[in-house]
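The values are calculated or read from the model by the stated rules, or taken from the named source; none is laboratory data. Remember, it's a predicted structure, so these values are computed and weren't measured experimentally. Here the Cβ is made from the backbone with ideal geometry for all residues, glycine too, and neighbour counts use every protein chain on show. The accessibility values were calculated without ligands, DNA or RNA, using every heavy atom of the protein model including side chains. Shrake-Rupley method; radii C 1.70, N 1.55, O 1.52, S 1.80 Å.
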2 protein chains.
Amino acid sequence: MHACPPNLPRRESTAERRVAIGLAARALIIEKGVEGLRTRDIAERVGINIATLHYHVPTKEALIALVAETIRHDFRAQAMRRPRDGKTGLEVLRLEFEEFREIVTETPELIIILTELVERGRRDPVIGEIMLPLYDFWRNQFVDIFRLGIRDGSFRPDVDPHAAALIVTGTLSDFWRAWTDFSASIDAVFTQLEHAFTPPIALQG
Amino acid sequence: MHACPPNLPRRESTAERRVAIGLAARALIIEKGVEGLRTRDIAERVGINIATLHYHVPTKEALIALVAETIRHDFRAQAMRRPRDGKTGLEVLRLEFEEFREIVTETPELIIILTELVERGRRDPVIGEIMLPLYDFWRNQFVDIFRLGIRDGSFRPDVDPHAAALIVTGTLSDFWRAWTDFSASIDAVFTQLEHAFTPPIALQG
DNA sequence: GAGAATCAATCAATCACTTGATTGAGAAAG
DNA sequence: CTTTCTCAATCAAGTGATTGATTGATTCTC
């Protein structure tokens, strides 16, 4: 086997370049939206020539698809952090809320970019093929959670899993429009969402 | 007094031109997003020269602001259609749902454009000044509805008006991402939202 | 009523970049 | 030496916006 050279490599591999390009593009999407995303701005942010960027990522379309893939990857990684076996629907829902809280704290740009790319997926089939299944996967996770919870009794039997899932994902997405003056505490939102679907607990107080 | 000439005028007034420009821009935003909005496309859609468009709407920024104003106007007009005096919180909530249903049916592009412009308002203060107060106004209407409902007993006393408002507006906004394969019946969604906040009705069945 | 003057509105042509992408030469790595 | 990677310069088309001439509508003067 070849030993690694003691000196740092002078050039980054294509994989490393693509990661850097993806991160720069994400940062620029936060600043200027997909609307204002320019290949030269990305190249400058990474510190490479525009032709170098095209060498590694041949078209702007491929570049946006790269961003979409990184978003998908991050969401998938986030979802693997917590096992769900043997828990009630309500317990799993709480895990989802904890994950969302983490996203808010650690990678706040995820939802913003996700929303923009899902919207773009309406018009651009290449992006749509990456983002729409991801968005639906996210939603369908909640459908499964609600089905589980209805079966184990932690959610009311009259809960419609699809409608309930939409309510949760819609709320979490809209929570991120926090640049307006309107505000609601994330804890209050989670509490309200739980009460929306759990059985009446009047006797428990 | 002068009688109006029987012939149609050869030229439209600036007010009429601006309306036509706004409508064409809205249609194009649906098709291509704000990202793909081009002044020449708008001029062509209206049937005027690009310089004529600039005569009536001097910059692209002013043009997007014009679109934002028309959206605001339409939402305001929609909100005036139904009186709310003397109704319980739950009854008003149902009126809001009827209005949303109307938007879905009659002017389905409103939510899509609203969402894009609110997102743009995060980055562009000119658009933000138009759209963000509108979005907040919409949300605060629900805060008022929930406060009213808590007082009159049609909503549970433990409902947090701000969190509940966010849940409703988020759900309605997300309902509009109907271009994915995920689907939930709008009636089921409304029913679920009502049950989320109304008192337990176990005794009523 | 006719013609001139004025202003608003319109147009084709053009400007000054901007943008995604390409080319050919050279540098770096193995 | 070969292959991969990088660069400055450039291409071709697009983009928001401008310019100067013309047209349409209205008002004024005789």
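To the nearest 20 debye, what charge dipole does the protein assembly as shown have about its Cα centre, counting +1 at the Cβ of each Lys and Arg and -1 at the Cβ of each Asp and Glu?
1020
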Checklist line | segment B:11-58: C-alpha pair distances exceeding 12 Å, % | finding: 57
Notebook entry, point to check: What percentage of all Cα-Cα pairs in segment B:52-127 are separated by more than 14 Å?
Noted result: 69
Next item on the list: Kindly give the distances from B:P133 to its copy-mates, label point to label point, with each label point 7 Å from Cα along Cα→Cβ, as nm values to one decimal ordered shortest first.
Entry: 4.6
Margin query: Report D for segment B:89-182 in µm² per second (integer): Stokes-Einstein, Kirkwood Rh on Cα pairs, 37 °C, 0.692 mPa s.
Written below: 229
Notebook entry, point to check: Is it possible to state the helix-based mean residue ellipticity at 222 nm for chain A, with each DSSP H run of 4+ residues giving -39500 (n - 2.57), the sum divided by total residues, to the nearest 500 deg cm²/dmol? What is it?
Noted result: -22500 deg cm²/dmol
Next item on the list: Roll a 1.4 Å probe over the protein heavy atoms and report the accessible area of B:F142 in Å², nearest 10.
Entry: 0
Checklist line | Charged-residue dipole, Cβ positions (Lys, Arg, Asp, Glu), chain B about Cα centre, Debye nearest 20 | finding: 640
Check: Can you give the accessible area of B:S183, probe radius 1.4 Å, in Å² rounded to 10?
Finding: 80
Notebook entry, point to check: For segment B:105-119, in order, what is each residue's ³J(HN,Hα) by Karplus, 6.51 cos²θ - 1.76 cosθ + 1.60 with θ = phi - 60°, in whole Hz (x at glycine and Pro)?
Noted result: 7, 9, 9, x, 6, 4, 5, 4, 5, 4, 4, 5, 6, 5, 4
Margin query: Just want to confirm a number: the relative contact order over chain B, from Cα pairs under 8 angstrom separated by 6+ residues, in percent.
Written below: 18
Item checked: segment A:38-91: trypsin sites (Lys or Arg not before Pro) in DSSP loop, at most 11 other beta carbons within 10 Å -> A:R81
Check: Between rounded, prolate and oblate, where does the protein assembly as shown land on the alpha carbon gyration tensor, with a ≥ b ≥ c its root eigenvalues, rounded for a/c under 1.5, else prolate if a/b exceeds b/c?
Finding: oblate
Checklist line | Distances in nm from A:P58 to the matching label points in the other copies, shortest first (labels 7 Å along Cα to Cβ) | finding: 4.6
Check: Which whole-Hz couplings ³J(HN,Hα) result when phi for each residue of segment A:120-132 is put into the Karplus expression 6.51 cos²θ - 1.76 cosθ + 1.60, θ = phi - 60°, listed in order with x for Gly and Pro?
Finding: 5, x, 5, 10, 10, x, 5, 5, x, 5, 8, 7, 5
Next item on the list: Please list the non-local residues whose amide H lies under 5 Å from the amide H of B:A184, H modeled 1.01 Å from N, same-chain partners needing a gap of 5 or more.
Entry: none
Notebook entry, point to check: In segment A:67-197, with Lys and Arg counted as +1 and Asp and Glu as -1 at Cβ, which of these residues, A:G121, A:G89, A:S185, has the Cα nearest the positive end of the dipole, that is, farthest along it?
Noted result: A:G89
Item checked: In Å², nearest 10: area of B:T191 left accessible to a 1.4 Å probe -> 70
Notebook entry, point to check: Among the aspartates and glutamates, which have Cα under 14 Å from the Cα of B:K32 when same-chain residues fewer than 8 positions away are ignored?
Noted result: A:E35, A:E116, A:E119, A:D124, B:D41, B:E109, B:E116
Checklist line | Rounded percent of accessible protein surface that carbon and sulfur make up, segment A:104-205, 1.4 Å probe | finding: 57
Notebook entry, point to check: Using a label point 7 angstrom from Cα along Cα-to-C-beta, what distances in nm, from shortest up, separate A:T191 from the other copies?
Noted result: 3.0
Notebook entry, point to check: Tell me, how many Å apart are the Cα centres for segment B:58-80 and for segment B:119-151?
Noted result: 15
